[in-house]
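Student: Here it is, the structure, as structure tokens.
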């Protein structure tokens, strides 16, 4: 067992505590059912023994038969209850883990280099967490059963027949030992088999992911036969491994069969006086009881073997989750290491902006509800000025400098344009001003260091439209209201009109209640942009940051949208990153990013629509 | 079920293997039942005998030992045969899917790019691979064992045969069928709740900045907690149904055992059955329900397999978006590209409107413009990954729809924004573009892409494994390796979509200089945001409002 392996196993057992009483029920029910099994086997043996040996009439045996039926039904019910409780426990554990992971993800800075890709993160939170199911629902109860039941059965049988009891007591605990011995190789082989299979699956997924590229290079036929050949080659190798791997389960079967056959022969030979190992004569009743119990002693072990792969699957899932989202170990205690940048440690070189105020309170702490309505927070209103001193920005992986030692000031209520070709760093600068990413140097917002603003205040007083705003699954109105939860339909309507959303929404049968697919499916780029723009009109911000708000609009619409924006932004500070000189022409001042510096630039005068 | 049946052809090719596995699993079960039955009969007979040492113990003890070993060997063989057939099926199924998928590319819903479809297809194929091993096999084996024991009972204990037969049939047929019907809705709920939860996670990550800016992270968290809770509740409902079905199977087994006992004791009193035979039969009946222990789980896997089959057939039998012409024209050596009056959109407003353009052979042009404006769509149209709604594109004077897709693709090499590196060696990744290329050609392409020095110092050089999704190299290096692959291709036209993503400014400038040299004589169309050094491109065009200018 490697260190990672052990670590994963520890993490799994730590998660167990979230299962609560359901997990206790899931483990307890099979144990109780095991106890009833002994009673049932004894009753069946005595009914048969009495009927066959003592020729007892059916009528006197009736209570026994009814008891057997009742015990069988009770055991069936216990099994069902245990099964259901196991699922409940697993669901509770998975729910808890999922919400914790999600909160943790949101607690990190949205632009940190360590934030995982959305596909990988959703796979980890949904699929990998799902893979833990079998471990808690089935493997854990089976493991407890396999540890307790065979020994308990042996101990019960020992006083009745010392040889049979001894046989059970010795062989049952020995089985895992033999399985381990016979299959030191087998264990290795099982792992190799799992690896081979996952290699094949990942090759398949790998080729599937790049299948369009393969088609464009004319590789359709070659890849189709290639995947078959590779699968077949792996089959040959896997089978060589399986031949050994299955030996360990054959060992289990061997002992189970040996137990039954051994007991049958021992009891039979004792009856015909061939063996004289007992001091008291053996009754048919006891003989049948021993025979009935023989397979049951080995059954819990078989069950465990059947669920053994659940454990391996869960361990690898834990590994995958941690690879994507960071370590899980201290999670059950409520505090956990965050994979994101730690604001404290970054304090030396970087002036720590704290987009992670939420995370400091622990992943489950929720930010206080902020009244974001124009009427709320009336005490703090008006435009906010912004000043940067020797501001340096880097790409999230710190590999490239985007802006070096820039100084600039924007007076309260001023409207400024930020020009420069795409990819030069306009968005990065806007995001730094919105405290969405790390920066070096100082940014003062309203004469107060940006880093010192409490998160709720900052969010209430500033707002931003990003370059690729997310359209969430839900209705258009729901998407607009994101900016102010609880906004009235009339407010949403007005915002939609000002952002020119109503123009296309009203053409749809459901208007603003039209449902949008995840990621804005069904909208053009310009429409998605305008829905996101409508959000701005629901906010009463002193600083508005807009990233290419008119990128997808034609010249005519661009001017109309700008008219409304300018109206809303009067008495507020506005910073727009844009390509469009037509947009820049309507601002109070403009900067251009070029060669890692920020240069003041004269306002374009021409009304013609040219491109920066 | 109907969808699953469309795969019977693939299952049939492995018929021998699956049949062998099924027979061996029957032998295993039968040997287990016979072992218990014989033992019960043997010890009862031994207890009743008064003959002492004269009792013939050779036959029964030999039988007991024989059945034990048959059971062990059959079980071992069954697992080996079952896995062998499954692995063979796995190869067939993947080959089948690839053969069906290639002509249908690109898939219309474009989700293949985002990886959802990839993981769904992988999971679906896995579910189908193991359908026999975990679902069809166990159900079939249980059915046969029940029928056989009913036959034995009809012969030795006719009074109890009907009861046992009914109970067993109900456990193997009625309960699974009922479970499938009852759990259909719950199963669908689980799938759609899981999709909702996934969408919620994606919203949270993709919209992280928006949520932060509007101060609504808390709302997003509680929304996700609600969807996750709904998923857990849906799974809980499904699990209740499964638990009830499991109870039903066990209760039927209980009824069969108690009933056979009751009727058997009656028969014993009436003298129509011997004591040892009765004991043997009862133990056999108890043992036979071992076969039903996995049935409920098998039903669950079978439902999964059926749903997987439905999804796979939906993709594999969809009509291809682009069909080759019946009488394809020959591609000419002329590489002139003419776009005439092209209008194209994705169902919404058009992305490109009345676009006209001519690209002369050997010309190097760059196309710039805001992201999402339709630059990549334009490249897709040139490759005929989609057809424009109006207008036409000709390559060397021949309209694209008159050419075979393979011929179009042989004439153009694309570096797409999401160009993948495969989990294979660097050499194999490059050879995809030109399978007959020698090492010199590979090194030239690597040098042109500015990555030769990096590859040269790797211990395994060209034979270095890339890891899944090219995870072992940086994004910039992966990008350059993909570029080397495109440069290696013999195609006279190169289409490069954002080739310099992940490169720093000096490297970016160097790239355009190199491209200028390395692609002399070939047509180059670059879609880019980068600052293009003077003199490296013949023309720089901007795409805006659906027009090139």
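Student: Listed highest first by mean packing, meaning other Cβ atoms within 10 Å per residue, what order do B:436-445, B:264-273 come in?
Tutor: So the peptides B:436-445, B:264-273, ranked by packing, come out B:264-273, B:436-445.
Student: Oh, and also: Compare the peptides A:446-456, A:71-81 by average per-residue count of other Cβ atoms within 10 angstrom and give them in order, highest first.
Tutor: Descending packing order for the listed peptides: A:71-81, A:446-456.
Student: Roughly how crowded by other chains is peptide B:71-78, in terms of the mean Cβ count from those chains within 10 Å of each of its Cβ atoms?
Tutor: Partner Cβ neighbours, averaged per residue: 4.
Student: Follow-up. Note the angle between two axes, namely the Cα long axis of helix B:505-518 and the longest principal axis of the Cα atoms of chain B, as a number of degrees from 0 to 90, rounded to the nearest 10.
Tutor: 80 degrees
Student: Give the relative contact order (percent, whole number) for region B:120-272; include only Cα pairs under 8 Å separated by 6+ residues.
Tutor: 35 percent
Student: How far apart, in nm, are two points set 7 Å out from the Cα along the Cα-to-Cβ line at residue A:405 and at residue A:151?
Tutor: My value for the distance between the label points is 7.3 nm.
Student: So how far, in whole Å, is the C-alpha centre of region B:505-536 from the one of region A:125-177?
Tutor: The two parts, judged by their Cα centres, are 68 Å apart.
Student: Compute the acute angle (0 to 90°) between the alpha-carbon long axis of helix B:295-316 and the principal axis of greatest extent of the alpha-carbon atoms of chain B; round to the nearest 10°.
Tutor: 30 degrees
Student: Let me ask something else about it. Angle, helix B:217-270 long axis vs. longest principal axis of chain B, Cα atoms, 0 to 90°, nearest 10?
Tutor: Approximately 30 degrees, to the nearest 10.
Student: For a quick check: sort B:288, A:46 by the number of other beta carbons within 10 angstrom, fewest at the front.
Tutor: The order, fewest Cβ neighbours first, is A:46, B:288.
Student: Using alpha-carbon pairs under 8 Å, 6+ residues apart, how would you state the relative contact order of region B:337-548 in percent?
Tutor: Reported as a whole number, the value is 32 percent.
Student: Between residue B:269 and residue B:424, what is the spin-label point distance in nm, taking each point 7 Å from the Cα along the Cα→C-beta axis?
Tutor: So the two model labels end up 7.7 nm from each other.
Student: Can I ask one more? Enter the mean number of other protein chain beta carbons within 10 Å of the beta carbon of each residue in A:63-74, as an integer.
Tutor: Mean shielding count: 4.
Student: Okay, moving on. Can you give the mean number of other chain Cβ atoms that lie within 10 Å of the Cβ atoms in peptide A:466-475?
Tutor: Across A:466-475, the average partner-chain Cβ count within 10 Å equals 5.
Student: In addition: Per DSSP H run of at least 4 residues, take -39500 (n - 2.57); add these up for chain B, divide by its residues and hand me the 222 nm value, nearest 500 deg cm²/dmol.
Tutor: Dividing the helical sum by the residues of chain B leaves -20000 deg cm²/dmol.
Student: Something else: Rank these for me by crowding, A:254, A:472, going from fewest to most other beta carbons within 10 Å.
Tutor: Ascending Cβ contact count within 10 Å gives the list A:254, A:472.
Student: May I pose another question? Listing B:139, B:315 from the residue with the fewest other Cβ atoms within 10 Å to the one with the most, what is the order?
Tutor: Final ranking by Cβ density, sparse to dense: B:315, B:139.
No lab work stands behind these numbers, since they all come straight from the coordinates. Small disclaimer: the values here were computed from a predicted structure and weren't measured. Cβ atoms come from the backbone with ideal geometry, glycine included; neighbour counts cover every protein chain shown.
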